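Each remark here refers to the structure printed beneath this line.
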Ligand SMILES: [Zn+2]
């Protein structure tokens, strides 16, 4: 065990090196960047992780390619590949802990709209929200066209805990859903009728039901907002019940994940993935990739995504999330990844808690993450969760999550190297093997200096640990 500890400590250092990015992505290639002090600090964090995981069966250090140089090929707009924008505004969330976190008055609508606006502009380097959307549509269409009237946009929100409208479990925040709809309708000029907000997860256990707190709130502006289509597994009261396609997804390894998706997703040209920032008792984390377990039909294999379940083989191994991330119907349609981290949670089915890890300062996470790289954005969120679980002062930690976190990024390693993954699995669609789905490189958010790509963040840490205004951090640049 002592040897394993030593390896783990070394592995969680903050030496950033990228020697794998091809020449065409030279803008993102970084030199080795090591900071001794940061290295020592990160070791303390890693030790904390070990304490939380005494029964861990597979040590992180046993897996190849889990740390060190960035792996994969960053995705995004030219010159901005791999960028993850992190908007943090502590004043956007105001819940005192009494009542429900999701009550309208507990989140500041105007500040959330400002966070989204800044995030869109920082992601695209555009001067206005309208220009930012136009840049995103043109990037998606390889420069050929912007949005064309008649095209549909599906918006996947996370309502996996919405079986009871009157509990404090984490689900999508209505303020962000409305901010997104306002931006799309008022700034991008998309007709309300071309927007579909959905979560098509399990009806059998009463999850994924669109609650009134979101539906009514987002229709309150009237006009075009009344034309937005809302799809869940139930229908009724203005919601539309999902209709499933035939089999459109394929998996490299047979598993119990569904191959069907809602027709509104099949018919959409674009998809906006709006996941939550949460730990997960089976997968370790549930972020952008796993949000689509609410897109596919029932099944949602949990054996392969559980890093502790060796009944399907040791790590590194196949992960169906990679097939979903690379599917032309899901990953291939994704216009934007927009993570709702306003009330980040330690696990699913648990009340959001205040985070003591930097930079949250014992406040709710009050964050949005935006990216065009599905691997990079989940990597940043994963690292934030690891930092929280490493913090001895953090409350609300779940043992099930802590036990899985060290290897919960297996799917990111597979996705980043989807053309030649550590598992040796051939991920493909229609006979064509996947290319890399994005870039993966760890940071230690507890360290005072956290690597060249994160310098902007570390400078902000030093300047103002808890900023009182919306702050933009470019996590990857
Ligand atoms: Zn990793």
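The values are calculated or read from the model by the stated rules, or taken from the named source; none is laboratory data. Owing to the predicted nature of the structure, the values given are computational and were not obtained by experimental measurement. All Cβ positions, glycine included, derive from the backbone under ideal geometry; neighbour counts span all protein chains shown.
Observations
- Of the residues making up the stretch 98-138, just one is without any contact (Cβ under 8 Å) to a residue 12 or more places away in the chain and under 12 Å from residue 85 (Cα atoms), namely 121.
- Output for the stretch 193-209, where each listed residue is within 26 Å of residue 133 (Cβ to Cβ) and surrounded by 18 or more Cβ atoms within 10 Å (Cβ to Cβ): 194, 195, 196, 197, 198, 199, 200
- Residue list for the stretch 148-158, filter: buried (at least 24 other Cβ atoms within 10 Å of the Cβ) and assigned to a loop (DSSP other than H, G, I, E, B): 158
- Within the stretch 76-99, not a single residue is touching a strand residue (DSSP E or B) at 6+ places or on another chain (Cβ under 6 Å), within 16 Å of the ligand (Cβ to nearest atom) and at pLDDT 85 or above.
- Residue within the stretch 338-361 that is closer than 30 Å to residue 194 by Cα and more than 19 Å from the chain's Cα centre (by Cα) present: no
- Of everything listed in (1) touching a residue at least 24 places away in the same chain (Cβ under 8 Å); (2) more than 21 Å from residue 441 (Cβ to Cβ), the single unmet condition for residue 332 is (1).
- Check on residue 361, in a loop (DSSP other than H, G, I, E, B), without any contact (Cβ under 8 Å) to a residue 12 or more places away in the chain and either within 15 Å of the ligand (Cβ to nearest atom) or surrounded by fewer than 23 Cβ atoms within 10 Å (Cβ to Cβ) (or both): no
- Residue under evaluation residue 201, criteria (1) modelled with pLDDT of 95 or more; (2) in contact with a helix residue (DSSP H, G or I) (Cβ under 8 Å, 6 or more places away or on another chain), criterion not met: (1)
- Residues of the stretch 175-185 include none that is in a loop (DSSP other than H, G, I, E, B) and either in contact with a helix residue (DSSP H, G or I) (Cβ under 9 Å, 6 or more places away or on another chain) or more than 22 Å from residue 286 (Cα to Cα) (or both).
- The single residue among 131, 162, 179 that is at pLDDT 95 or above and buried (at least 19 other Cβ atoms within 10 Å of the Cβ) turns out to be 179.
- One residue stands out in the stretch 235-289 among those that are in a loop (DSSP other than H, G, I, E, B) and free of Cβ contacts under 8 Å to residues at least 12 places away in the same chain: the one that is surrounded by the fewest Cβ atoms within 10 Å (Cβ to Cβ), namely 254.
- Qualifying residue in the stretch 211-220 (condition: assigned to a loop (DSSP other than H, G, I, E, B) and surrounded by 15 or more Cβ atoms within 10 Å (Cβ to Cβ)): yes
- Taking (1) over 27 Å from residue 393 (Cα atoms); (2) assigned to a loop (DSSP other than H, G, I, E, B) in turn, residue 338 satisfies each apart from (2).
- When residue 196 is tested against (1) over 22 Å from the mean Cα position of the chain (by Cα); (2) in contact (Cβ under 8 Å) with a residue 24 or more places away in the chain, just one condition goes unmet, and that condition is (1).
- Qualifying residue in the stretch 371-379 (condition: away from the ligand (no atom under 15 Å from the Cβ) and either under 28 Å from residue 75 (Cβ atoms) or not in a helix (DSSP H, G or I) (or both)): yes
- Residues located in the stretch 393-429, provided they are farther than 28 Å from residue 356 by Cβ, away from the ligand (no atom under 16 Å from the Cβ) and touching a residue at least 24 places away in the same chain (Cβ under 8 Å): 425, 426, 427, 428, 429
- In this structure, residue 451 does satisfy being touching a strand residue (DSSP E or B) at 6+ places or on another chain (Cβ under 6 Å), within 16 Å of the ligand (Cβ to nearest atom), at pLDDT below 95 and within 21 Å of residue 358 (Cα to Cα).
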